Amino acid sequence: MSHFTVIGLGAMGINMAKNMLSAGLSVTGVDLSEERLALFREAGGNTAASFSEVAEKTDAVFVMVNEAAHMESALFSDDGVNRMKKGSVVVSTSTVPPSYIEDLDSRLQDIGIGLVDTPVSGGEKGAHDGTLTLMLSGRPGDIKKIQPALDAVSAKIYTLADTPGAGSKFKVVHQHLASTHIALSVEAMGLCAKSGIDPGMFYEIVTNSAGNSKLFEYFVPFLLNNDFFPYSSINTSEKDLRLVVELADELDYPADIARSAYEQFLKAKNAGLGAESSIATIKLFPVEWKGSAKK
């Protein structure tokens with residue numbers, strides 16, 4: 001039986017790892033937090049404090065972390081990747097720069113390791129339910145090796161190219177929409193409160209009208225309930241839009257709306273709100289936000 005490792009047992013990674021376990025796969029979870037490791041052990045998984053401890057027996061390692069620098073450290077610290085068997089596979093499920101993925105692929109190919117680039121969408125709920133959407137690019141032979149794990153965590157798999165990098169390009173452009181939708185939703189709800197109309201009633205109208213979006217429908221109830229638990233954090237939204245702006249700069253493309261939303265999340269991060277929910281940007285607006293009794 002193939003052995004899979006999941007690096008990063010945050011809200012996304014731990015649920016993906018649990019779904020792999022539920023599918024009957026052999027899985028080890030790796031995280032810096034002993035608390036997160038304990039949670040995965042309670043679910044029946046094996047754990048390790050670093051990838052280097054389990055690299056030699058790993059057939060494929062899934063990496064679900066926030067930044068490219070975290071991925072680099074997790075894979076290469078203590079010579080982890082170099083301890084992997086020839087023909088094993090690194091699977092990037094994180095949202096990172098496409099240029100990083102292309103460079104990582106070149107380095108891994110030099111040592112006989114495959115790379116599958118498959119960022120995910122669907123949030124914590126999709127990770128929990130095993131219904132993530134995967135934007136996948138990689139060599140067919142590498143994909144075949146990890147297919148059981150992919151099937152365990154997803155409802156939709158879009159195979160986009162036979163070399164890594166395309167998946168990350170799709171995901172970064174996707175985040176242009178996702179993160180700006182969140183920023184716009186919060187701005188609109190603040191304007192509701194500022195103008196004296198009931199935000200709860202506005203939510204009901206919008207979700208039955210043309211201005212609705214999946215993200216408005218998902219996030220605004222948390223805002224109405226003053227629930228700022230970081231199902232998606234300001235730190236993550238700032239990072240995602242930073243990648244959008246960087247890609248736009250590489251291509252000499254304006255992306256003015258994304259830049260404006262990025263500045264909003266960056267301002268919130270600099271104000272100390274980074275660990276809070278992406279909807280916590282409401283705290284920056286000149287409005288006394290009270291939520292709504294009508295949800």
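The values are calculated or read from the model by the stated rules, or taken from the named source; none is laboratory data. All figures in this text were calculated on a predicted structure; none of them were measured in a lab. Neighbour counts are summed over all protein chains in view; Cβ atoms, including those assigned to glycine, are modelled from backbone coordinates with ideal geometry. The protein model used for the area step is the full one, side chains on, heavy atoms only, and it has no ligands, DNA or RNA in it. Shrake-Rupley method; radii C 1.70, N 1.55, O 1.52, S 1.80 Å.
Quick check on my filter: what residues within region 137-147 are surrounded by fewer than 16 Cβ atoms within 10 Å (Cβ to Cβ) and in contact (Cβ under 8 Å) with a residue 24 or more places away in the chain?
Correct list: 141 only.
Please enumerate the residues belonging to region 52-71 that are crowded, with 18+ Cβ neighbours inside 10 Å and of a type in the set (Asp, Glu).
Matches in region 52-71: 59, 67.
Kindly establish whether residue 209 is surrounded by 13 or more Cβ atoms within 10 Å (Cβ to Cβ) and at pLDDT 95 or above.
no
Restricting attention to region 115-127, does a residue exist that is touching a strand residue (DSSP E or B) at 6+ places or on another chain (Cβ under 9 Å), under 22 Å from residue 95 (Cα atoms) and open to solvent by 60 Å² or more (accessible area, probe 1.4 Å)?
no
Give region 244-273 a look and list any residue that's open to solvent by less than 70 Å² (accessible area, probe 1.4 Å) and in contact with a Pro (Cβ under 9 Å, 6 or more places away or on another chain), or say none.
247, 248
Output the number of residues of region 207-237 satisfying the condition of being in a helix (DSSP H, G or I), within 16 Å of residue 185 (Cα to Cα) and under 17 Å from the mean Cα position of the chain (by Cα).
6
Go through (1) surrounded by 14 or more Cβ atoms within 10 Å (Cβ to Cβ); (2) farther than 19 Å from residue 282 by Cα and name the single condition residue 184 misses.
(2)
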